[in-house]
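Worksheet for the structure shown next.
The values are calculated or read from the model by the stated rules, or taken from the named source; none is laboratory data. Model, not experiment: these values are computed from the prediction. So basically every Cβ, Gly included, is an ideal-geometry build from the backbone, and we count neighbours across all protein chains shown.
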Amino acid sequence: MKPGCLVGVDFGTRRVGLAISDAERRIAVPLAVYERQTVARDAEHFRALAQKEAVAGWVVGLPVHMSGAEGKLAQDARRFGTWLSATTGLPVCYWDERLSSALADRLLADTGMKARQRRGRLDQVAAQIILQSYLEAGCPEPEPPPPLHDGA
């Protein structure tokens with residue numbers, strides 16, 4: 001990926017958590033939670049975000065099973081990443097997000113936030129955890145995705 005900031009994505013069918021790195025790719029911070037709408041509005045939102053933040057690429061969390069196998073949610077995240085790349089013209093890397101939501105919830109709970117307050121921030125903190133993990137791994141180049149199997 002070209003130099004510049006990266007946006008971490010905690011994919012969801014209704015909400016997408018977002019975090020952003022600094023241009024030097026040392027630290028990730030929570031950015032926002034985007035409530036998904038129509039495909040056209042989603043495309044407009046992500047294009048505007050990429051332009052406003054001078055995004056160099058996306059890191060989409062890949063919800064794999066504890067065994068490392070990919071299921072339907074991982075396939076959905078890959079489809080979203082493919083759409084996101086085609087929509088914005090920016091590269092996408094997929095990153096293992098196992099336990100990121102559980103860790104995000106625990107971190108927010110440790111601050112004293114009530115469960116209701118945590119729900120509004122959970123997705124962006126999960127995105128921060130995904131992105132920070134990717135940054136700490138040295139921003140490895142993406143591997144080619146496995147083929148998608150419909151209904152499998």
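Out of curiosity, is residue 141 at pLDDT 65 or above, surrounded by fewer than 20 Cβ atoms within 10 Å (Cβ to Cβ) and under 17 Å from residue 20 (Cα atoms)? Break it down stepwise before answering.
On the way: at pLDDT 65 or above: yes; surrounded by fewer than 20 Cβ atoms within 10 Å (Cβ to Cβ): yes; under 17 Å from residue 20 (Cα atoms): no.
No; evaluated as a whole, the condition is false for this residue.
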Single residue of segment 1-46 satisfying the filter (charged (D, E, K, R) and surrounded by 15 or more Cβ atoms within 10 Å (Cβ to Cβ)) that is nearest to residue 72 (Cα to Cα): 10
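Is it the case, given these coordinates, that residue 88 is touching a helix residue (DSSP H, G or I) at 6+ places or on another chain (Cβ under 6 Å), modelled with pLDDT of 90 or more and not basic (Lys, Arg)?
Details: touching a helix residue (DSSP H, G or I) at 6+ places or on another chain (Cβ under 6 Å): yes; modelled with pLDDT of 90 or more: yes; not basic (Lys, Arg): yes.
Yes; evaluated as a whole, the condition is true for this residue.
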Against the definition (under 13 Å from residue 88 (Cα atoms) and not in a strand (DSSP E or B)), how does residue 23 come out, yes or no? no
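Could you tell me whether residue 45 is over 12 Å from residue 124 (Cβ atoms) and assigned to a loop (DSSP other than H, G, I, E, B)? Walk me through it before giving the result.
Details: over 12 Å from residue 124 (Cβ atoms): yes; assigned to a loop (DSSP other than H, G, I, E, B): no.
For residue 45, the condition - over 12 Å from residue 124 (Cβ atoms) and assigned to a loop (DSSP other than H, G, I, E, B) - is not met.
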Among the residues of segment 84-95, the number that are assigned to a helix (DSSP H, G or I) and in contact (Cβ under 8 Å) with a residue 24 or more places away in the chain is 4
Could you check segment 26-42 and list, in sequence order, the residues that are charged (D, E, K, R) and outside any helix (DSSP H, G or I)? 26, 35, 36
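Do we have residue 59 as within 15 Å of the chain's Cα centre (by Cα), part of a loop (DSSP other than H, G, I, E, B) and either surrounded by 11 or more Cβ atoms within 10 Å (Cβ to Cβ) or acidic (Asp, Glu) (or both) here?
Working: within 15 Å of the chain's Cα centre (by Cα): yes; part of a loop (DSSP other than H, G, I, E, B): no; either surrounded by 11 or more Cβ atoms within 10 Å (Cβ to Cβ) or acidic (Asp, Glu) (or both): yes.
It is false that residue 59 is within 15 Å of the chain's Cα centre (by Cα), part of a loop (DSSP other than H, G, I, E, B) and either surrounded by 11 or more Cβ atoms within 10 Å (Cβ to Cβ) or acidic (Asp, Glu) (or both).
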Against the definition (closer than 12 Å to residue 9 by Cα, in a helix (DSSP H, G or I) and modelled with pLDDT of 80 or more), how does residue 76 come out, yes or no? no
Could you please find all residues in segment 1-23 being under 10 Å from residue 33 (Cα atoms), modelled with pLDDT under 95 and β-branched (Val, Ile, Thr)? none
